[in-house]
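Written out below as structure tokens is the structure these notes cover.
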Amino acid sequence: MTIFYLVRHGEPDWGLKEERNLKGAMRDYVPLTAQGVIQAEQVMDTNSYLVNCEVIISSPYTRSLQTAAIINRSLGKPLHVEFDLHEWTPDNWQAATVHEIEELWRDYMEHGGCYPSGEIKLWESRESLLNRTSQVLKKYVNHSKVMVVCHGMVIATLMELISEDIQLCGVYEYAIG
């Protein structure tokens, strides 16, 4: 059995996105806020069992990679970037504002992440998110303990939780096998 410790990234600096009018994929280059850095630095203080992880895998988004790098300063474990651990895609990179993304998220939640019969939505379905992230995790089942630094919707989907309940730098245990 492989235990995956799903770690949500620290607080991202969405103010930078707004200030610089970052659109499309550029919005995911925002770094952590000062508070987000502190959150990442404290993960090991409250979750010392993470020292037993053999490897760290991370979403390619800056907020996750920065969180993983901060955590790994004290661990020195192999760190792999996995593209398919990226956050849920709400809009195929079309939304310009956080408000537009929130509207798409509400639509996703209203439909339980499933496209209504005969409709195509801008947002990525729950099934798509689950399939791509599950395929990544399956690549690491040869390890006993793996840290996965990723996003709230990824964790919520895998754990069947409500995304608003996933805390920044929260750690959630998920097992395969």
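The values are calculated or read from the model by the stated rules, or taken from the named source; none is laboratory data. Fair warning: this is a prediction, and the values are worked out from it, not measured in the lab. Counting neighbours? That spans all protein chains shown, and the Cβs are built from the backbone with ideal geometry, glycine included. Heads up: the accessible areas ignore ligands, DNA and RNA and are worked out on the full protein's heavy atoms, side chains in. Shrake-Rupley method; radii C 1.70, N 1.55, O 1.52, S 1.80 Å.
Quick one, which of (i) 119; (ii) 210; (iii) 108 is the actual volume of the Cα convex hull per residue in Å³ calculated for this model?
(iii)
To the nearest 20 debye, what charge dipole does the stretch 9-105 have about its Cα centre, counting +1 at the Cβ of each Lys and Arg and -1 at the Cβ of each Asp and Glu?
Dipole about the Cα centre, nearest 20: 360 debye.
For each pair in 77/139; 23/121; 17/138, compute the distance between the two Cα atoms and list the pairs where it is over 26 Å.
Over 26 Å Cα-Cα: 17/138.
Keeping every protein chain present and rolling a 1.4 Å probe, give me the accessible area per residue for the chain in Å².
For the chain, the solvent-accessible area averages 49 Å² per residue.
Taking all protein chains together and a probe of 1.4 Å, list 57, 120, 176 from the most accessible to the least accessible.
120, 176, 57
As I understand it, the dipole of the stretch 1-136 uses +1 on the Cβ of Lys and Arg and -1 on the Cβ of Asp and Glu, about the Cα centre. Which of 44, 134, 86 lies farthest toward its positive end?
After comparing all options, I get 44.
Relative to the Cα centre, what is the charge dipole magnitude of the stretch 25-177, using +1 at the beta carbon of each Lys and Arg, -1 at the beta carbon of each Asp and Glu, and rounding to the nearest 20 debye?
Dipole size: approximately 680 debye.
So for the stretch 1-93, averaging the separation of alpha carbon pairs under 8 Å that are six or more residues apart and normalising by length, what relative contact order in percent results?
The value is 30 percent.
Taking the Cα centroid of the stretch 104-122 and of the stretch 48-65, what is the distance between the two, rounded to the nearest whole Å?
Cα centroid to Cα centroid, the span is 31 Å.
Over the chain, calculate the relative contact order: mean separation of alpha carbon pairs under 8 Å at least 6 apart, over the residue count, as a percent.
38 percent.
Ignoring ligands, DNA and RNA, what percent of the accessible area of the chain is carbon or sulfur (1.4 Å)?
Using a 1.4 Å probe with all protein chains present, the chain comes out at 52 percent carbon and sulfur.
Residues with beta-carbon under 10 Å from that of residue 55, excluding residue 55: net charge, scoring Lys, Arg +1 and Asp, Glu -1?
Result for the neighbourhood of residue 55: +1.
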